[in-house]
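Encoded as structure tokens, the structure appears first; notes follow it.
The values are calculated or read from the model by the stated rules, or taken from the named source; none is laboratory data. Predicted model, so just to flag it, every value in this text is computed and none were measured. Glycine also receives a Cβ, built like all others from the backbone with ideal geometry; neighbour counts cover every protein chain displayed. What goes into the accessible areas is simple: the full protein's heavy atoms, side chains included, and nothing from ligands, DNA or RNA. Shrake-Rupley method; radii C 1.70, N 1.55, O 1.52, S 1.80 Å.
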Amino acid sequence: PGPNPSARGGGGVPVASLAGDNRMVYIEDWDTFYAEAEKLYLDHPAHTRYSLKYRHTDGKVLLKVTNDRVCLQYQTDQQQDLKRIEKLNNIFITRMCGRDPEADAAEGAEGSASKGDKPVSSEEPGSKKRRGKR
């Protein structure tokens, strides 16, 4: 007994192709994937999901960005791509938290210029915080 054809949408046709508008795109070039993934998120931020998976059996990292209509996929087995993946991951996390990564980068540049400033404390000098059991 093989796989149940009705579980795949009937007649052996994958469910994704029955929806008509669904597209699964496997992108070979990182720059293209990065640009398309960011564009997809900016166009539909409430519906876009991002997943990262490592397959130990083949030593590949798989990235998937989808909004249920368009599915962008990228895979790599190159270690130098991990920095790129980390950058994309940080951008998605920042955007999903409701902040603009470009504005955060500008604030980071301003913060490094005034690094010599002493952090401001809300406590008065000489006051101690109570720690431990009461």
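For this structure, a couple of remarks:
- You will find that of ASP21, ASP31, the residue that is loosely packed, with under 14 Cβ neighbours inside 10 Å and at pLDDT 90 or above is ASP31 and no other.
- Exclusive hit being within 13 Å of MET96 (Cβ to Cβ) and among the hydrophobic types (A, V, I, L, M, F, W, C), set LEU42, LEU72, LEU52: LEU42
- Among residues of the stretch 39-82 being under 15 Å from ASP29 (Cα atoms) and part of a helix (DSSP H, G or I), the one that is most open to solvent (accessible area, probe 1.4 Å) is LEU82.
- Some residue of the stretch 90-100 being buried (at least 16 other Cβ atoms within 10 Å of the Cβ), in a helix (DSSP H, G or I) and of a type in the set (Phe, Trp, Tyr): yes
- Single unsatisfied condition, LEU62 versus (1) more than 13 Å from the chain's Cα centre (by Cα); (2) farther than 19 Å from CYS97 by Cβ; (3) among the aliphatic types (A, V, I, L, M): (1)
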